[in-house]
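To start, the structure itself, in structure tokens.
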Amino acid sequence: MEFLKPEGLKLEGDLSENFKFFSDEIDFYFTVTETDQLPREAQVELLKELMGPESWDLYKSLSSHIEGDETLLEEETVQSILSTLQTHCVPHKCTIMDIFNFLLRKQGWEETFEDFFADL
């Protein structure tokens, strides 16, 4: 049974949304093709192939601090690669800015309370 390979991780545009979409596609592809039943090394090699050259270069630069340590490279898994990319692609939300915007928001003169409350 042939399945379409997922597209590589797109590094342009909304990187957070692109990574979430890529991660979901990889999980789905690995489940459908039963790649999650294969040995860890085969899973990692397939993920490297599916990521594409640009995102693989990004991963190598993010994990360059472990290049010299062979024990860490041998323990590389699909989840460790995806979590390394996630720390770069999905930024932390700034709660201070959210609080500031919440406190700054005032109800307009003609605005109903329901609209004001829904906007909060």
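The values are calculated or read from the model by the stated rules, or taken from the named source; none is laboratory data. What you see is a predicted model; the values in this text were computed from it and never measured. Glycine also receives a Cβ, built like all others from the backbone with ideal geometry; neighbour counts cover every protein chain displayed.
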The residue that is nearest to Q79 (Cα to Cα), considering only those in segment 1-57 that are aliphatic (A, V, I, L, M) and under 13 Å from the mean Cα position of the chain (by Cα), is I26
It is to be established whether one or more residues within segment 100-113 are within 30 Å of V44 (Cβ to Cβ) and in a helix (DSSP H, G or I). no
If you go through F28, F22, the only one that is in contact with a Leu (Cβ under 6 Å, 6 or more places away or on another chain) and surrounded by 12 or more Cβ atoms within 10 Å (Cβ to Cβ) is F22
Flagged pairs (Cβ under 6 angstrom, 6 or more apart or on separate chains; first in segment 17-36, in contact (Cβ under 8 Å) with a residue 12 or more places away in the chain and at negative phi; second of a type in the set (D, E) and exposed (fewer than 15 other Cβ atoms within 10 Å of the Cβ)) are F30/D36
Residues of segment 40-71 being modelled with pLDDT under 85 and crowded, with 16+ Cβ neighbours inside 10 Å, in sequence order, are S63
